[in-house]
Amino acid sequence: MIKDTYFCRTCIIYCMDWRLSPGKADIEKALIKNNITEPVFDRIIIGGAGKNLAAENLSEEKKFLLAQIGIAVKFHGIEKLILINHTDCLAYGGSKKHSTTELEEAFHTDELELAANAVKMNFPKLSVEKYLAELKQKEQEWEVKLLRK
Ligand SMILES: [Zn+2]
């Protein structure tokens with residue numbers, strides 16, 4: 001039984017990309033504003049977000065990520081994991097790797113599905129929500145739109 005003091009319902013995984021940080025296309029602010037999560041949550045911030053989880057091989061990075069999720073489950077009793085990949089992610093080679101925005105979106109939809117499956121295999125009780133954060137630059141400012149996948 002986890003004490004209320006330590007309890008937290010949700011863990012969020014997103015990319016280290018500076019464009020998602022406060023003062024830019026603030027991803028955490030967007031999540032709260034869109035009622036995707038309450039303001040209290042665990043966070044795992046790592047280059048490529050779901051990339052290592054989606055990989056077929058059990059790499060050191062994948063083991064590390066699963067262990068981090070395990071910590072959130074064990075010590076904070078999280079019930080939900082929110083996985084967020086973003087467009088133009090350089091861990092994946094950026095938008096230029098895809099000939100259209102539709103193809104980039106479809107690629108990330110598949111990646112998120114693979115990553116979510118890896119999480120569910122290891123933590124069957126966790127509910128997993130997937131989002132693609134669409135980054136756009138408007139007059140030197142970065143904006144983000146969250147697409148549910
Ligand atoms: Zn990224």
Selection count where residues are in contact (Cβ under 8 Å) with a residue 24 or more places away in the chain and either polar (S, T, N, Q) or touching a Cys at 6+ places or on another chain (Cβ under 7 Å) (or both), scope segment 102-119: 1
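Kindly establish whether ASN122 is under 17 Å from ILE12 (Cα atoms) and either in contact (Cβ under 8 Å) with a residue 40 or more places away in the chain or touching an Asp or Glu at 6+ places or on another chain (Cβ under 8 Å) (or both).
Values: under 17 Å from ILE12 (Cα atoms): yes; either in contact (Cβ under 8 Å) with a residue 40 or more places away in the chain or touching an Asp or Glu at 6+ places or on another chain (Cβ under 8 Å) (or both): yes.
Yes.
Any chance you could count how many residues in segment 51-76 are among the small types (Gly, Ala, Ser) and either buried (at least 21 other Cβ atoms within 10 Å of the Cβ) or farther than 28 Å from GLU105 by Cβ (or both)?
Final tally of qualifying residues: 4.
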From the set of residues in segment 1-50 that are crowded, with 21+ Cβ neighbours inside 10 Å and in a helix (DSSP H, G or I), which is nearest to the ligand (Cβ to nearest atom)? LEU20
Anything in segment 83-106 that is among the hydrophobic types (A, V, I, L, M, F, W, C), surrounded by fewer than 21 Cβ atoms within 10 Å (Cβ to Cβ) and either within 12 Å of the ligand (Cβ to nearest atom) or within 15 Å of the chain's Cα centre (by Cα) (or both)? List them, or say none. LEU90, ALA91
Determine which single condition THR109 fails, assuming it passes every other condition in (1) of a type in the set (Val, Ile, Thr); (2) under 23 Å from TRP18 (Cβ atoms); (3) surrounded by fewer than 19 Cβ atoms within 10 Å (Cβ to Cβ). (2)
What is the one condition in (1) touching a strand residue (DSSP E or B) at 6+ places or on another chain (Cβ under 7 Å); (2) within 15 Å of LYS145 (Cβ to Cβ) that ILE69 does not satisfy? (2)
So GLU79 fits all but one of (1) of a type in the set (D, E, K, R); (2) touching a Ser or Thr at 6+ places or on another chain (Cβ under 9 Å); (3) more than 24 Å from CYS11 (Cβ to Cβ); (4) surrounded by fewer than 16 Cβ atoms within 10 Å (Cβ to Cβ); what number is the exception? (3)
Looking for whichever is closer than 25 Å to GLN137 by Cα, within 12 Å of the chain's Cα centre (by Cα), modelled with pLDDT of 95 or more and small (Gly, Ala, Ser) here; the options are ALA115, ALA49, ALA30. Which one fits? ALA49
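The values are calculated or read from the model by the stated rules, or taken from the named source; none is laboratory data. Here the structure is a predicted model, which is why all the values come from computation and not from measurement. So basically every Cβ, Gly included, is an ideal-geometry build from the backbone, and we count neighbours across all protein chains shown.
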